[in-house]
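Student: The following block contains the structure, expressed as structure tokens.
The values are calculated or read from the model by the stated rules, or taken from the named source; none is laboratory data. Because the structure is a prediction, the values reported are computed rather than measured. All Cβ positions, glycine included, derive from the backbone under ideal geometry; neighbour counts span all protein chains shown. With ligands, DNA and RNA removed, areas are computed over all heavy atoms of the protein, side chains included. Shrake-Rupley method; radii C 1.70, N 1.55, O 1.52, S 1.80 Å.
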Amino acid sequence: HINPAHLADYQRLFQEVLETGAHAVGGIVHLWSVEAVQPDELSSASLEQAQVWGCGSVLHLVQALVKAEMASTPRLWLVTRGAVPAGRQLAPLSIAQAPLWGLGKVIALEHPEVWGGLLDLDPDARCQDDDAAMLLAELWDAEGEDQLAWRDGQRCVARVVQSPQLISQGIHIRPDGSYLITGGLGSLGLHVARWLVHQGARHLVLLGRS
């Protein structure tokens, strides 16, 4: 039994795995977030519980995993349902699960040795019968992708593309407004700051990690 809020439980789990000689752990699939309540049923209590079962449990899991001395490090896959926009569906996003995608991207950068990927299941109940088969196929061979979403039977992958909507709307900078740039002391942040000044901004707040 594991309490998702207790780091010691995860450490004990990996210790027991090592003691039983089961060194070849092929991978870890985190499914607890899928059990979060639907957006229209959210309350403050259910949202707090979702954070414990989602980001909280994954944080403890990764902390214990990177310290476990396994012969081969298993890859971690995080699974959500309707947590990110994908395809042409207009269903409300599961905000209780969405933070896990932010955490997953950080794990991918800081601990690539344990990273498998993020997979978002279709929130449409009509498509959920095939979830297990689809999930198994992706875990077996994701073709190098680590951010995937399934919508209406279609496989969506993450790509950076130019947004025509943003260009057509334009960005209006006000000289009497204040603009906060997080990571503003890095090279990209300074480029953004210079661009804002050229656009007419006069009040900038630049924040760095330290």
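Student: Residue 41 versus (1) of a type outside the set (Phe, Trp, Tyr); (2) out of contact with any helix residue (DSSP H, G or I) (no Cβ under 6 Å at 6 or more places or on another chain); (3) open to solvent by less than 40 Å² (accessible area, probe 1.4 Å): which is the lone unmet condition?
Tutor: Every condition holds for residue 41 apart from (3).
Student: Related question: So which residues in region 70-118 are open to solvent by less than 70 Å² (accessible area, probe 1.4 Å), in contact with a strand residue (DSSP E or B) (Cβ under 8 Å, 6 or more places away or on another chain), at pLDDT 90 or above and farther than 22 Å from residue 37 by Cβ, if there are any at all?
Tutor: 76, 77, 107, 108, 114, 115, 116, 117
Student: If residue 59 satisfies all but one of (1) open to solvent by 70 Å² or more (accessible area, probe 1.4 Å); (2) assigned to a loop (DSSP other than H, G, I, E, B); (3) hydrophobic (A, V, I, L, M, F, W, C); (4) at pLDDT 90 or above, what's the number of the condition it fails?
Tutor: For residue 59, the failing item is (2).
Student: Residue 162 fails exactly one of the following numbered conditions: (1) modelled with pLDDT of 90 or more; (2) assigned to a loop (DSSP other than H, G, I, E, B). What is the number of that condition?
Tutor: Looking at each condition in turn, residue 162 falls short on (1).
Student: Check region 167-190 and report whether any residue there is farther than 26 Å from residue 101 by Cα, in a helix (DSSP H, G or I), modelled with pLDDT of 90 or more and of a type outside the set (Asp, Glu).
Tutor: Looking through region 167-190, at least one residue is farther than 26 Å from residue 101 by Cα, in a helix (DSSP H, G or I), modelled with pLDDT of 90 or more and of a type outside the set (Asp, Glu).
Student: Turning to a different aspect of this structure: Of all residues in region 67-100, which are under 12 Å from the mean Cα position of the chain (by Cα) and among the polar types (S, T, N, Q)?
Tutor: 80, 97
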